[in-house]
Amino acid sequence: MSLKDLRGKIAIAGVGTAGCGEAHGMSDLEILSLAAKIAVEDAGLSMKDMDGLCTANLNAAMWPLNVVECLGIRPKFVEGTNIGGAAFVAHQLPAMLALDAGVCDAVLVCYGSTQRTAAFGRKERGAARILLDPDPFQSPYQPFNPPSSYALIAARHMYQYGTTRRHLAEVAVAARKWAQLNPEAFSRDPLDIDTVLKARMISDPFTAYDCCLVTDGAAAYVMTRAERAKDLKKKPIYILSNATAVWHRSVSGMRDLTVTPSTESGERAFAAAGLGPKDMDVVQIYDAFSINTILALEDLGFCGKGEGGPFVENGAIAPGGRLPVNTNGGGLSCVHPNMYGAFATIEAARQLRGECGERQVKGATTALVNGNGGNSSSSQSTSVLATADAL
Amino acid sequence: MHANDPEGAEARYQAQLNEGRFLIQRCNECDKYVFYPRVVCPHCGGASLAWVEPKGTGAVYSTTTVRRKAEAGGDYDVSLIELDEGVRMMSRVEGVAPAEVKIGMRVRAKVVDDKGAGLVVFTAEEAK
């Protein structure tokens, strides 16, 4: 059996989001529960039908236990791998294998974080994480992570390829223009390139607008075998492929700062799907920072290495541009509660269902999702999704 | 070092730094340099890693200025340094303003005291 044998066998049958933006007074688990309920009902199923679970959380090492108890489910398949924000894309392959093997019949992939409004705040959580998971060869130099690690990547990309801060700003402005078409997006005020360039610098070359939002938010989706999905409430979105690559932990451990593991995950995902970048109608890239979008467009083959800057010029990935990228507004302008992978997946599914209103990419039948994880593009997980028309 | 050494590589590296000595590792099996210090070679899987003194020179591979309020100490540099042995490490370049640290700049290592522990930082070679 190969990855190709799983092509189109599994579908996304339900999606849900909750608590996006600010969820005052709520816990991670509470907004996760609400998103899970919406996703399950969206599929026309009930919570007790969820006999598979994929979930992870930045603060809890045994998070699946918290979730099963809270939701009152007893899954036969559980997957709690945490490789950062790419996890909720990377959870697909093990879930596909479990569903295809008949180990379980419906897998709930879910995530929730109230990092923005939590009483036990970001500063305390960050300090606790370093205590529990030391980074002794970087911490003494006080990188402001994750921004500083991605800033080092961006600085090297600029040095090697002539990428400019204006190119980075194009990414942030495109994301904002999509967000303005999305009522669920957190940041919808107008934004132009000069404002990005003149904003408060965080870690050079990034200003605040090059960095993702810090919001609350929960996201959940339900996966079933394709033949079952056909009989459920919503139009099935088929998973043609999913592939994950994990290369390092820290920016110090990267061989080439300008090349991410999506060169590998993308190649495997496209090969198994039997499609390429040119066949993608809509693209959802985990944009933790503006440089991520440029790196992914290059590494997934939408343009050549080093050409990502010029590729995004003149609104090329904004509404009305040549390639619709991050149509919900992405992590930069829509939602970013620590880990964003599930949100990218859900936006792709919503686009393929045709549920996106003003921001809908007309007639989209294929979508690419690229998850990013860790402090320095450490993990990447790529999926190709499609409607029945593109199967 | 060997897998049955009583002291781990990380502890030994720090103990050496605390005495003012900056040492990196080279694998006895594949001859490749290794940083950060480990007990198993990430290149070949060998468990025989020797401590060697690097030349102490290298170049800035990438750099960022972390912006911090003046009252908290002001802006500071975080850089990735590629040693002439080929390994890369996070550090900072001292003796010049953070904004003056540039990719490609030649730098030299020195061990400083950081709250009682030895720490490797770099200075621009021109500044010496």
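Here, each number is a calculation from the coordinates, and none is a lab measurement. It should be emphasised that the depicted structure is a prediction, and the values quoted were computed from it without experimental measurement. Neighbour counts are summed over all protein chains in view; Cβ atoms, including those assigned to glycine, are modelled from backbone coordinates with ideal geometry.
Determine which aspartates and glutamates satisfy two conditions relative to B:K32: a Cα distance under 15 Å, and not lying fewer than 8 residues away in the same chain.
B:E53, B:E82, B:D84, B:E85
Can you compute the charge dipole magnitude of segment B:73-128 about its Cα centre, using +1 on each Lys and Arg Cβ and -1 on each Asp and Glu Cβ, nothing else charged? Give it in debye, rounded to the nearest 20.
Details: 8 positive and 11 negative charges, 11 e Å.
In debye, rounded to 20, segment B:73-128 gives about 60.
Considering every Cα-Cα pair within segment A:272-338, what fraction, in whole percent, is farther apart than 14 Å? Present the calculation step by step, with values, prior to reporting the outcome.
Numbers: 1288 of 2211 pairs.
Here the long-distance tail beyond 14 Å is 58 percent of all Cα pairs in segment A:272-338.
Compute log10 of I(q)/I(0) for segment A:1-150 with the Debye formula, placing one identical point scatterer on every Cα and leaving out solvent, at q = 0.10, 0.13, 0.15 Å⁻¹, to two decimals.
So the normalised log intensities are -0.42, -0.68, -0.86.
Project the alpha carbons of segment B:9-52 onto their principal axes and report the range along each, largest first, in whole Å.
30, 15, 13
Based on the Cα gyration tensor of segment B:57-127, what are the three equivalent ellipsoid semi-axes, each the root of five times an eigenvalue, rounded to whole Å and given largest first?
On the way: eigenvalues 77, 45, 22 Å².
Value: 20, 15, 10 Å, ordered largest first.
Largest first and to the nearest Å, give the Cα extent of segment A:133-246 along each principal axis.
54, 40, 31
Within the P(r) computed for the protein assembly as shown, what percentage of the Cα pairs occupies the region above 32 Å? Can you show the working numbers first?
On the way: 58283 of 134421 pairs.
Result: 43 percent of Cα pairs exceed 32 Å.
Peptide A:186-195: average number of partner chain Cβ atoms within 10 Å per residue?
Working: counts 0, 0, 0, 0, 0, 0, 0, 0, 0, 0.
For peptide A:186-195, the averaged partner shielding equals 0.
Just to check I understand the Karplus step: with θ = phi - 60° and J = 6.51 cos²θ - 1.76 cosθ + 1.60, what whole-Hz values come out for segment A:201-212, glycine and proline as x?
Values per residue, Gly and Pro as x: 6, 9, 8, 3, x, 9, 8, 4, 6, 7, 9, 5 Hz.
Can you work out the FRET efficiency for the pair A:D389 and A:D192, with r the C-beta to C-beta distance and R0 = 30 Å, to the nearest 0.05?
Numbers: r = 38 Å, r/R0 = 1.25.
The value I calculate is 0.20.
Quick check: pseudo-label points 7 Å beyond the Cα along Cα→Cβ at A:N314 and B:K55, how many nm apart are they?
Result for the modelled spin labels: 4.7 nm.
Which whole-percent values make up P(r) of chain B when all C-alpha to C-alpha distances are grouped in 10 Å steps starting at zero?
Going out from 0 Å in 10 Å bins, chain B shows 13, 38, 33, 14, 3, 0 percent.
Just tell me how shielded A:131-139 is by partners: mean number of partner chain Cβ atoms within 10 Å of each residue's Cβ, no decimals. Write out the running numbers ahead of the final one.
Details: counts 0, 0, 0, 1, 1, 6, 9, 6, 1.
Mean partner-chain Cβ count within 10 Å for A:131-139: 3.
Going by average Cβ density within 10 Å per residue, which order do the peptides B:51-57, A:279-285 take, highest to lowest? Mind showing how you got there, number by number?
Values: B:51-57: 13.9, A:279-285: 24.0.
With the highest mean Cβ count within 10 Å placed first, the list reads A:279-285, B:51-57.
What angle, in degrees between 0 and 90 and rounded to the nearest 10, separates the Cα long axis of helix B:9-18 from the longest principal axis of the Cα atoms of chain B?
Taking the Cα atoms of chain B, the angle to B:9-18 is about 50 degrees.
Calculate, for B:V112 and A:L3, the FRET efficiency according to 1/(1 + (r/R0)^6) with r their C-beta to C-beta distance and R0 56 Å; round to the nearest 0.05. Don't jump to the answer; show the numbers that get you there.
Numbers: r = 50 Å, r/R0 = 0.90.
After rounding, the FRET efficiency stands at 0.65.
Under a plain spin-label model, where a point goes 7 Å from the Cα along Cα-to-Cβ, how far apart in nm are A:D256 and B:E29?
2.8 nm
Mind checking the mean number of beta-carbon atoms from other chains within 10 Å of the Cβ atoms in B:73-85? Kindly include the intermediate steps, with their values, before the conclusion.
On the way: counts 1, 0, 3, 3, 2, 13, 3, 11, 1, 0, 0, 0, 0.
Per residue, the average neighbour count from other chains is 3.
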